[in-house]
Amino acid sequence: MLSSIASPMDMFLQAGVLWKVAMGERPTPLFDVEIVTADGKPVTGFNQFPVVPSRAMHEVDVPDLVIVPSQGFFFDPTARDHQDRVDWLIDTHKNGADLASVCAGAFTLASTGLLNGKTATTHWSMANQFKKQFPEVDLRTDLLVTDEEHLFCGGGISAELNLSLYLIEKYVGREVALQSARCTLVDLDCITQSPFAVFTPEKNHSDKLVFDAQEHIDRHYQTDVDVEAIADTSGLSVRQFNRRFKAATGETFIGYLQLVRIEAAKADLINTSHPFEEISIKSGYENISFFRRLFKKNTSITPAEYRRRFGNR
């Protein structure tokens with residue numbers, strides 16, 4: 001994805017430059033930035049725009065930072081040069097370089113094994129795929145940026161700007177990061193992607209019992225859904241049923257039900273002018289204050305703010 005290459009490059013190159021120019025001062029660039037590929041040859045972005053590197057990755061002395069761009073929804077561990085890139089990232093990290101990924105670049109970074117047992121993020125829509133391929137990584141798709149032991153991830157295509165600002169602050173201080181934020185009109189302290197996320201249920205599994213329970217939730221989420229009754233019908237204890245449900249979907253039964261109800265409420269907030277009290281009851285919650293808290297916990301914003309941001313005007 002061209003933007004996941006160009007945007008971080010522009011953000012780092014403007015540090016110490018744009019603000020100085022705007023203030024009538026002499027520019028003082030703070031970073032040297034270049035593009036490298038596995039073999040030093042040009043590559044073609046998804047928009048068919050050619051990306052011309054400075055050199056091959058193995059020709060680079062140990063850098064301070066390597067940013068892995070996004071390959072969109074098409075991560076392919078069998079692709080040519082994939083293992084070479086992974087091995088180079090591992091060696092570079094061992095030699096002291098920080099590693100970062102943008103959006104689906106997290107798949108390549110996770111392929112190194114360096115993220116195992118650590119937090120990471122990627123675009124919310126790829127969470128299910130990521131968890132299947134890298135179950136040992138603590139995926140946090142509620143966050144725009146993660147930071148753990150010199151490994152950094154940005155959660156989406158536009159999050160490369162947030163990630164870049166975060167790293168600028170890390171390397172040269174908050175004052176320069178704030179200057180960069182003001183020049184580029186990017187919110188320095190925006191750290192969550194929760195308001196933008198959409199719950200995408202995992203139904204691509206072979207457990208018919210769990211699938212039937214998911215279908216039951218889809219049909220009856222507006223009413224009192226009794227997990228004990230469903231578990232009993234399945235011939236399982238609630239604990240056994242929950243364990244099986246989570247193994248198939250990644251969520252507990254109650255957590256899954258809550259997310260389905262929140263998505264229903266989001267749709268009504270966007271598409272209707274109904275008051276939240278009415279939407280809450282329609283979504284299956286008569287305790288409106290509880291549902292409001294649950295909604296904010298999941299989306300990071302209030303229902304009213306969600307409607308202001310995303311509602312059909």
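The table below lists the values:
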| item | result |
| --- | --- |
| Accessible area of residue 66 in the full protein assembly, 1.4 Å probe (Å², nearest 10) | 20 Å² |
| Percent carbon-and-sulfur accessible area, region 219-313, ignoring ligands, DNA and RNA, probe 1.4 Å | 49 percent |
| Per residue value of the accessible surface for the chain (all protein chains in place, 1.4 Å probe), Å² | 53 Å² |
| Taking region 121-167 and dividing mean pair separation by its residue count, relative contact order in percent (alpha carbons under 8 Å, at least six apart) | 38 percent |
| Heavy-atom SASA rank of 215, 277 (probe 1.4 Å, accessible area, largest first) | 277, 215 |
| Per-residue SASA entry for residue 166, accessible area with 1.4 Å probe, Å² rounded to 10 | 80 Å² |
| Calculated FRET value between residue 129 and residue 182, using beta carbons and R₀ = 51 Å, to 0.05 | 0.90 |
| Prolate/oblate/rounded label for region 166-211 (Cα gyration tensor, a/c 1.5) | prolate |
| Magnitude of the charge dipole, the chain, Cβ model with Lys/Arg +1 and Asp/Glu -1, debye to 20 | 700 debye |
| Carbon and sulfur %, accessible surface of region 7-119 computed with the full protein complex present, 1.4 Å | 52 percent |
| Probe 1.4 Å, all protein chains present, accessible-area order of 219, 55, largest first | 219, 55 |
| Relative contact order [Cα under 8 Å, 6+ residues apart], the chain, whole percent | 12 percent |
| Accessible heavy-atom area order of 49, 253, 199, highest first, probe of 1.4 Å | 49, 199, 253 |
| Anisotropy class of region 218-266 from Cα gyration tensor, a/c 1.5 cut | oblate |
| Pairs of lysines in the chain (C-alpha under 18 Å apart; 8 or more residues apart or interchain) | 13 |
| FRET efficiency, 1/(1 + (r/R0)^6) with R0 41 Å, evaluated for residue 293 and residue 94 via beta carbons | 0.35 |
| Efficiency of FRET between residue 170 and residue 270 - r from beta-carbon atoms, R0 51 angstrom, step 0.05 | 0.90 |
| Net charge of Cβ neighbours under 14 Å - reference residue 161; Lys, Arg +1; Asp, Glu -1 | -4 |
| Burial order of peptide ranges 287-298, 114-125 (average beta-carbon count within 10 Å, highest first) | 114-125, 287-298 |
| Pairwise label distance in nanometres, residue 41 with residue 13, each label 7 Å out on the Cα-Cβ vector | 2.5 nm |
| Region 105-227, relative contact order in percent, only Cα pairs under 8 angstrom and at least six apart counted | 20 percent |
| Region 58-100 shape via C-alpha gyration tensor axes, a/c threshold 1.5 | prolate |
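The values are calculated or read from the model by the stated rules, or taken from the named source; none is laboratory data. The shown structure was predicted, so the numbers you read here are calculated from the model rather than taken from an experiment. Positions of Cβ are backbone-derived with ideal geometry, glycine not excepted, and every protein chain shown enters the neighbour counts. Each accessible area value is taken on the protein alone, full model and side chains, heavy atoms only, with ligands, DNA and RNA left out. Shrake-Rupley method; radii C 1.70, N 1.55, O 1.52, S 1.80 Å.
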